[in-house]
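Values quoted throughout were computed directly from the atomic coordinates according to the rules given, and no laboratory measurement underlies them. Remember, it's a predicted structure, so these values are computed and weren't measured experimentally. Cβ atoms come from the backbone with ideal geometry, glycine included; neighbour counts cover every protein chain shown.
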Amino acid sequence: MRNILKSISKNKKGIVYILISAFLLALGQLFWKLSGTAINLQMIIGFLCYGVGAITMVIAFKFGSMSVLHPMMSTSILFSILFGYFIFNEQITIYKVLGIFFIILGVIFIGGGDEK
């Protein structure tokens with residue numbers, strides 16, 4: 001447990017940036033879905049969110065270990081599930097809850113692997 005806390009402390013700034021990046025990437029994909037097939041304002045907003053998210057990811061790597069930060073991009077799945085639930089009234093099944101649990105658990109274990 002101490003190693004996990006050390007790793008989080010060491011990579012704190014990078015973790016914040018990578019979580020913002022994951023959120024922006026999921027938000028960009030949400031706007032793409034909302035735009036349908038037409039090129040419209042929602043699609044453009046989606047591209048902007050996705051682009052800023054990608055830039056934020058590059059910045060994050062300057063403030064932490066890539067082996068810790070990159071797996072945290074999988075948290076974008078969590079954001080996507082929440083968007084689906086709140087915006088599209090999609091169901092959150094027990095399988096999705098278990099999947100989210102294992103993703104978060106994996107991110108914690110990988111994040112804690114930065115310190116010996």
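Looking at the P(r) of region 52-113, how many percent of alpha-carbon pairs lie beyond 19 Å?
More than 19 Å apart: 41 percent of the Cα pairs in region 52-113.
With n ≥ 4 as the cut-off for DSSP H runs, can you work out [θ] at 222 nm for the chain, using -39500 (n - 2.57) per run divided by the number of residues, rounded to the nearest 500?
After summing the helix terms and dividing by the residues of the chain, the value is -25500 deg cm²/dmol.
Who wins for biggest fluctuation among Ala22, Ala60, Ala38 in a Gaussian network model of the chain, springs between alpha carbons below 10 Å?
In the Gaussian network model the winner is Ala38.
Match the structure shown to one of the listed values (i) 16.4; (ii) 15.9; (iii) 15.0 of Kirkwood radius over Cα pairs in Å, computed from it, and give that label.
So the structure-derived entry is (iii).
Can you give the charge dipole size of the chain about its Cα centre, rounded to the nearest 20 debye, using +1 on the beta carbon of Lys and Arg and -1 on the beta carbon of Asp and Glu?
Dipole magnitude for the chain comes out near 400 debye.
Taking the alpha-carbon centroid of each part, what is the distance from region 53-116 to region 1-15 in angstrom?
16
For the chain, find the longest principal axis of its Cα atoms and tell me its angle to the long axis of helix 75-88, 0 to 90°, nearest 10.
30
Using 0.36 nm per residue of separation minus the Cα-Cα distance, give me the extension gain between Ala54 and Phe88 in nm, one decimal.
Computed gain between Ala54 and Phe88 is 9.7 nm.
Once both axes come from the Cα atoms, what is the angle between helix 12-35 and the longest principal axis of the chain, in degrees from 0 to 90, rounded to 10?
Helix 12-35 sits roughly 20 degrees off the main axis of the chain.
Taking the dipole about the Cα centre of the chain, with the C-beta of Lys and Arg at +1 and of Asp and Glu at -1, give me whichever of Asn40, Ser80, Met57 is farthest to the positive side.
Toward the positive end, the furthest listed residue is Met57.
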